[in-house]
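Undergrad: Let me begin by handing over the structure; questions about it come next.
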Amino acid sequence: MTDTNSTGDEWMDASVDLVRLLFVTQSGAVRTHAVEASTVDAAVSSGVPVSELVQTYNALGRRDKDGRFDAAGEVRLRPDPSTFRALPYADRTGAMLCDIETLDGDPWTVDPRSSLRSVKRDLEHKGLSPVIAFESEFHLFERLEDGETRRVDERGAYATASTRETHETILGIVDALATQDIPVKKYYPEYAAGKHEVVTGHRPSIRAADEHVLLRETVESVARLHDYHSTFVPKPFDNSTNGCHIHISLWDDGNVLYNPAREGLSRIGRQFVAGVLDNAPALCALAAPTANSYARLRPQIGAAAFVCWGQENREALVRIPAPDPDDSEGSTRLEFRAADNTANPYLALTGLLAAGLDGIQRELEPPEQLGVDPGSLSASERTRRDIDRLPRTLGQALDALAANETMRDVLGSELFETYLGVKRSHWESFTRSANSWQRDRLRRVY
């Protein structure tokens with residue numbers, strides 16, 4: 001399995017007039033420049049200029065004015081021709097994913113996609129090829145004339161009735177993904193009203209992240225074609241969440257996580273899990289990177305709140321899914337459950353793979369697996385078992401990231417500091433607005 005989708009130049013025969021050049025910033029937002037189809041070859045060979053400042057805007061669209069970049073300075077989007085897709089939801093339009101390079105043609109040290117490629121190479125030097133799948137959750141809703149919102153179906157709880165009103169929309173999403181060579185392995189209405197989950201196929205690391213970006217674009221675009229809105233926000237409504245579970249396996253001649261001698265993971269697989277657990281607080285800053293993310297990471301709501309792992313345990317940070325009895329080796333994997341769709345997928349995967357590699361290099365041994373909901377244990381029992389709470393706020397996660405040398409090393413100082421600056425500006429914007437809200441409420445009471 002390769003990271004690329006094709007050999008390139010399909011846009012020449014795809015009847016498109018515009019090609020969107022997609023990239024993801026530190027905020028996790030998908031950005032684009034579009035070029036006319038006849039200029040795509042020039043864009044591929046020479047790149048398309050873009051301001052360095054684009055990488056300093058947080059999720060609220062505010063620039064980190066204390067960041068590393070000023071108004072002067074440009075880099076180049078370098079579209080990857082192997083990622084070209086004609087977009088079935090946008091007339092005469094295609095898309096490509098991009099690396100970002102300096103004006104001299106070198107990889108830009110702040111580019112998240114290039115960062116993932118670097119850690120992928122580190123794993124390949126050890127003979128390991130990561131294979132990834134994303135489980136993406138989202139909500140469909142309508143905006144009413146009075147400004148309120150209505151979730152499209154009200155049943156929830158995996159009810160078949162929840163599939164009926166949105167059936168044509170979901171079919172449209174599945175068909176649009178298939179047209180882009182993104183196979184949907186599973187779909188179902190999720191626990192909450194209006195919530196849906198799409199599981200795409202396992203892919204090599206960079207291609208998996210590219211296709212996750214295309215999935216986000218597809219869901220939002222097809223929903224609008226059906227007069228709905230969609231949201232991937234981690235806590236979009238009361239009593240409702242959206243996650244993005246990330247499944248990882250490692251391959252050499254076979255799946256090196258697989259232990260043919262007995263149930264469970266191999267020694268390397270256990271070391272990988274140990275590395276993820278050891279770096280978990282810092283990983284949250286990359287995989288759950290908005291203030292809203294921490295409204296989701298709470299006990300006993302099917303997300304993750306504690307640093308632990310377990311076979312088939314959906315309240316553990318790392319779950320080991322039950323293998324397919326007809327393909328135990330091929331289906332052995334681990335699932336990281338704290339991630340959500342506000343993450344830059346390239347950075348989330350970079351952090352996860354680096355954490356696992358750290359565990360392998362240090363030959364770490366994970367703690368005992370947990371076979372119960374950690375939220376059902378007493379605080380003293382969790383202490384006895386060394387089960388720590390994940391960060392409760394983005395601020396705490398960013399402090400953990402700032403102190404984590406593994407993440408600093410894999411990201412490099414320039415990307416590491418740029419990301420921290422953008423996310424701290426997001427956190428500060430949130431805390432300022434929260435303080436204003438509290439003052440207003442207290443004035444009404446007192």
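The values are calculated or read from the model by the stated rules, or taken from the named source; none is laboratory data. If you're wondering where the values come from, they're calculated on a predicted model, not measured in any experiment. Because the Cβ atoms are built from the backbone with ideal geometry, glycine has one as well, and the counts that use them run over all protein chains shown.
Undergrad: If I go through region 171-200 residue by residue, how many of them are surrounded by fewer than 18 Cβ atoms within 10 Å (Cβ to Cβ), free of Cβ contacts under 8 Å to residues at least 60 places away in the same chain and not charged (D, E, K, R)?
TA: Going through region 171-200 one residue at a time, the tally reaches 7.
Undergrad: Moving to a separate point now. Of the residues that sit in region 288-336 and are farther than 24 Å from residue 269 by Cα and free of Cβ contacts under 8 Å to residues at least 60 places away in the same chain, which one is surrounded by the most Cβ atoms within 10 Å (Cβ to Cβ)?
TA: 292
Undergrad: So which residues in region 42-86 are surrounded by 14 or more Cβ atoms within 10 Å (Cβ to Cβ) and of a type in the set (D, E, K, R), if there are any at all?
TA: Within region 42-86, 52, 62, 63, 64, 68, 76, 78, 80, 85 meet the criteria.
Undergrad: Report, by residue number, each residue of region 94-121 that is acidic (Asp, Glu) and assigned to a strand (DSSP E or B).
TA: 99, 101
Undergrad: In region 386-433, how many residues are in a loop (DSSP other than H, G, I, E, B) and without any contact (Cβ under 8 Å) to a residue 24 or more places away in the chain?
TA: Counting residues in region 386-433 that are in a loop (DSSP other than H, G, I, E, B) and without any contact (Cβ under 8 Å) to a residue 24 or more places away in the chain gives 1.
Undergrad: Among the residues of region 156-170, which ones are surrounded by fewer than 20 Cβ atoms within 10 Å (Cβ to Cβ) and under 19 Å from residue 232 (Cβ atoms)?
TA: 156
Undergrad: Same structure, new question: Is it the case that region 5-14 has a residue that's modelled with pLDDT of 85 or more, buried (at least 18 other Cβ atoms within 10 Å of the Cβ) and not small (Gly, Ala, Ser)?
TA: No, region 5-14 contains no residue that is modelled with pLDDT of 85 or more, buried (at least 18 other Cβ atoms within 10 Å of the Cβ) and not small (Gly, Ala, Ser).
Undergrad: Does region 41-64 hold any residues that are part of a loop (DSSP other than H, G, I, E, B) and in contact (Cβ under 8 Å) with a residue 60 or more places away in the chain, and which are they?
TA: 58, 59, 60, 62, 64
Undergrad: Hey, among the residues in region 389-420 that are more than 19 Å from the chain's Cα centre (by Cα) and surrounded by 20 or more Cβ atoms within 10 Å (Cβ to Cβ), which one's nearest to residue 111 (Cα to Cα)?
TA: 406
Undergrad: For residue 101, only one of the following conditions fails: (1) touching a Lys or Arg at 6+ places or on another chain (Cβ under 9 Å); (2) at pLDDT below 90. What is its number?
TA: Among (1) touching a Lys or Arg at 6+ places or on another chain (Cβ under 9 Å); (2) at pLDDT below 90, the lone unmet condition for residue 101 is (2).
Undergrad: Among (1) of a type in the set (Gly, Ala, Ser); (2) buried (at least 20 other Cβ atoms within 10 Å of the Cβ); (3) modelled with pLDDT under 95; (4) touching a strand residue (DSSP E or B) at 6+ places or on another chain (Cβ under 8 Å), which single condition is residue 37 missing?
TA: It fails just one condition, (2).
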